[in-house]
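The values are calculated or read from the model by the stated rules, or taken from the named source; none is laboratory data. Not measured: the values here are computed from a predicted model. In this analysis, Cβ positions are derived from the backbone assuming ideal geometry, glycine residues included, and neighbour counts consider all displayed protein chains. Surface areas here come from the heavy atoms of the whole protein model, side chains and all, with no ligands, DNA or RNA. Shrake-Rupley method; radii C 1.70, N 1.55, O 1.52, S 1.80 Å.
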Amino acid sequence: MVNRAKCEKYDLSKLKILSVEIGDDCNLKHLHKKCPINHIHRSESEAKLTTADILRIIDDAVDLKFEGYIAFHQYNEPLLYIDKIEQVIKKRPDQKYLLWSNGLLIPEVEKAGYSLNMFSKMVLTCYDPQKASFYSDIKDRFPDVEIIMLKRMDDRLDVYDDTYKNPIFCKKVFFELPINCYGEVFLCCHDWKGTYLLGNVLCSSLESVVKGERYQNLLSMSHKRRINKNAPPICRRCRYAFSKYHEGDNISSLNLRYRSFADRVKLRAHRMITTVLGD
C-alpha cells in the first residue's frame, strides 16, 4: 500500500500565517529580560531583508498557493517599522496583512499619520491588566481586532535544557512559517537559537525552501500523531506542542491551545493563564 504522506508534496495553501520579521528591535525588551531578542547577538554588518526581499518572498508565497496572512513579527515589535510595512503593503495591496503587536505604539503611529486600516487583522497582546481599557478602545475602533490578555511574559530561553519528553507531533508547522530579518526560515518561534533552520531566503527562494527535503519531511512527519526519534530535538522536549490543526479565522484562539501538553493531560480542569478579551 502506498503511503500518501510520503508521496504528497506540500505547498503553502493550508498555511495560516507567513511571518517575515521586519526588524530586530522591540519597545518592551527592557521589561522582558527573557525575550530571545535580548539574547540573540548578530553582527551589525550581517545582511538583513530589504523591502525588495520581502516583496519577493510574498510573490513566491502566492505562487505556492498561499492565501493566509502576511505578518511582520517574530521576536520584534512590528510597529517600530511601520514605514517599511506601509511600503510593502502599498506595493502588494491584494494580500491580507496581520499586525501581531503589543499595541503600545499605536497612538504614536497614528499621530505620525499612519492608518492601521492597512491591516486586515490585528492581534494585540496586553501584559498589563490596568491597560485593558486602552485595548478595548482599539478593538471598538477597528473591525477585526483580537486582544490577548497575559498575566506574565513568556519564557523560551530554557527550552533547550528541558528534560520533558513530548509525546506528540506538533501541528504548528501547518499554522505559521516564521522568517527572521536575516532571512532564516525557522521551524518555530520557540527555536530561538535556530537549531533546526529550514533554509535562508537571502540565499535561495522561498519556493526552494518550501519544496526542499527538510521542510517537506517535517510536514510529512507532523501529520502523524505520536512523535518519533526523527523529529527535531527541540520538538521532542517541547512542552507547548499544538495537538490539533488550527481552524477558522480566530487567530488568538491558538493561545488557548498553545500551552503545555503535560498540563492538559494532568490538569484538564485547570484554568488557562491566557484569556481573550472581547466577544
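Overview of values
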read-out: Boolean, SER208 is loosely packed, with under 15 Cβ neighbours inside 10 Å and not charged (D, E, K, R); value: yes
read-out: The lone exception for PHE119 - which of (1) surrounded by 11 or more Cβ atoms within 10 Å (Cβ to Cβ); (2) over 19 Å from the mean Cα position of the chain (by Cα); (3) closer than 30 Å to ASP94 by Cβ it fails; value: (2)
read-out: Residues of segment 7-52 that turn out to be under 17 Å from PHE174 (Cα atoms), polar (S, T, N, Q) and assigned to a loop (DSSP other than H, G, I, E, B), as a count; value: 1
read-out: Test for LEU177: is it of a type in the set (A, V, I, L, M, F, W, C), under 29 Å from TYR10 (Cβ atoms), in a loop (DSSP other than H, G, I, E, B) and touching a residue at least 12 places away in the same chain (Cβ under 8 Å); value: no
read-out: Selection within segment 59-73 - in contact (Cβ under 8 Å) with a residue 40 or more places away in the chain, assigned to a helix (DSSP H, G or I) and of a type outside the set (D, E, K, R); value: ALA61
read-out: Check on LEU197, under 19 Å from SER19 (Cβ atoms) and either open to solvent by 10 Å² or more (accessible area, probe 1.4 Å) or in a helix (DSSP H, G or I) (or both); value: yes
read-out: Single condition LEU124 does not satisfy, out of (1) open to solvent by less than 60 Å² (accessible area, probe 1.4 Å); (2) hydrophobic (A, V, I, L, M, F, W, C); (3) over 15 Å from ILE251 (Cα atoms); (4) without any contact (Cβ under 8 Å) to a residue 60 or more places away in the chain; value: (3)
read-out: Filtered residues of segment 151-161 (kept if within 20 Å of TYR196 (Cβ to Cβ) and surrounded by 13 or more Cβ atoms within 10 Å (Cβ to Cβ)); value: ASP154, ARG156, LEU157, VAL159, TYR160
read-out: Unmet requirement for ILE148, which otherwise passes all of (1) open to solvent by less than 10 Å² (accessible area, probe 1.4 Å); (2) at pLDDT below 95; (3) under 24 Å from SER222 (Cβ atoms); value: (3)
read-out: Residue among PRO78, PRO36, PRO129 that is over 20 Å from the mean Cα position of the chain (by Cα) and either open to solvent by 50 Å² or more (accessible area, probe 1.4 Å) or in contact (Cβ under 8 Å) with a residue 12 or more places away in the chain (or both); value: PRO129
read-out: Hits in segment 84-108 (condition: of a type in the set (A, V, I, L, M) and open to solvent by less than 10 Å² (accessible area, probe 1.4 Å)); value: ILE85, VAL88, LEU98, LEU99, ILE106
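Condition check ((1) in contact with a strand residue (DSSP E or B) (Cβ under 9 Å, 6 or more places away or on another chain); (2) hydrophobic (A, V, I, L, M, F, W, C)) across all residues:
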| site | (1), (2) |
| --- | --- |
| ASP140 | no, no |
| ILE148 | yes, yes |
| MET153 | no, yes |
| TYR160 | no, no |
| LYS172 | no, no |
| LEU187 | yes, yes |
| HIS190 | no, no |
| LYS193 | no, no |
